[in-house]
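Below is one structure, written out as structure tokens, with a few remarks after it.
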Amino acid sequence: MREIVLDTETTGLDPLRGDRLVEIGCVEMFNHMPTGQSYHVYLNPERDMPAEAFAVHGLSTEFLADKPLFAAVVDDFLAFLGDAPLIIHNASFDIGFINAELDKIKRKAIAKERLVDTLLLARRKHPGVSNRLDDLCSRYAIDNSKRTKHGALLDAELLAEVYIDLIGARQSSLILAETGRGVRGGAIEVVRRVREQPLAPRGSDAEREAHRAFVATLGDKAIWRDYLEN
């Protein structure tokens, strides 16, 4: 299953009061494993950057002045999202800004049914404590030392790691590794293990001969031939 982990940076807290998107970062996951594919863009918000917002992410009006408008990148952005579920921390905030930008250019809003809010997941799993992204990184021993300021792509990468722990997928991958199964390029690889002391055969000689005769009728490429005794 394909999923997209998404984060944004903005000029403030409320798109209804004129705040705008200034950065979008996305990380692709397949079967709960990062694929290495990402989407990242800075945006010209067509307004000034308040000092409070600059203190959070460090993106100045001057830096963003030559960056593209949302309308210029929207097709590439939506193409990267596809129809995948969107993994977002405090999803109502980010999707509120994205949908406000989509509304400005008369494009269809992203449905709330696609959202997986990791803040809600964290609150259910860890009630009564702070569940900010930094707190979750500390809780799950995820290195966030590069996060001196907020950044959409870095935060999406960190959130992808947090999400794996929140849903227990990291433990599942460890179990798969212990049982000889791994994931490569989104496909399941099965590693056959050989017992040090083979189990005693349970079938009779006649039954084994009957099985050999049956496999012979299946053709040269039948997978059962891989399991025949030499």
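Give me the net charge of HIS126's neighbourhood, meaning all other residues with Cβ under 15 Å from the Cβ of HIS126; Lys, Arg count +1, Asp, Glu -1.
Numbers: positive: ARG123, ARG124, LYS125, ARG132, ARG139; negative: ASP117, ASP134, ASP135, ASP165.
With Lys, Arg at +1 and Asp, Glu at -1, the neighbours total +1.
Counting only residues 5 or more places away or on other chains, whose amide H sits under 5 Å from the amide H of ARG2 once H atoms are built in the peptide plane?
ASN31
Order of LEU64, LEU136, LEU16 from fewest to most other C-beta atoms within 10 Å? All intermediate terms of the calculation are to be shown ahead of the outcome.
Details: LEU64 21, LEU136 26, LEU16 7.
Least to most surrounded, the residues fall as LEU16, LEU64, LEU136.
Run the dipole for the stretch 2-178 about the Cα centre, Lys and Arg Cβ at +1, Asp and Glu Cβ at -1, nothing else charged, and hand back the magnitude in debye, nearest 20.
Details: 20 positive and 28 negative charges, 90 e Å.
The calculation lands at about 440 debye.
Quick query: amide H of GLU23 versus all other amide H atoms, modeled in the peptide plane; which residues come in under 5 Å with a sequence gap of 5 or more or a different chain?
GLU9, LEU43
Convert each backbone phi in the stretch 135-149 into a coupling constant with the Karplus relation 6.51 cos²θ - 1.76 cosθ + 1.60 (shift: θ = phi - 60°), then list the ³J(HN,Hα) values in order as whole Hz, x for Gly and Pro.
Karplus values, whole Hz, x for Gly and Pro: 5, 5, 4, 5, 5, 9, 6, 9, 6, 10, 5, 7, 8, 6, 9.
Taken together, the values in this text are just the output of simple stated rules run on the coordinates, not laboratory data. The shown structure was predicted, so the numbers you read here are calculated from the model rather than taken from an experiment. Backbone-built Cβ (ideal geometry, glycine too); neighbour counts: all protein chains shown.
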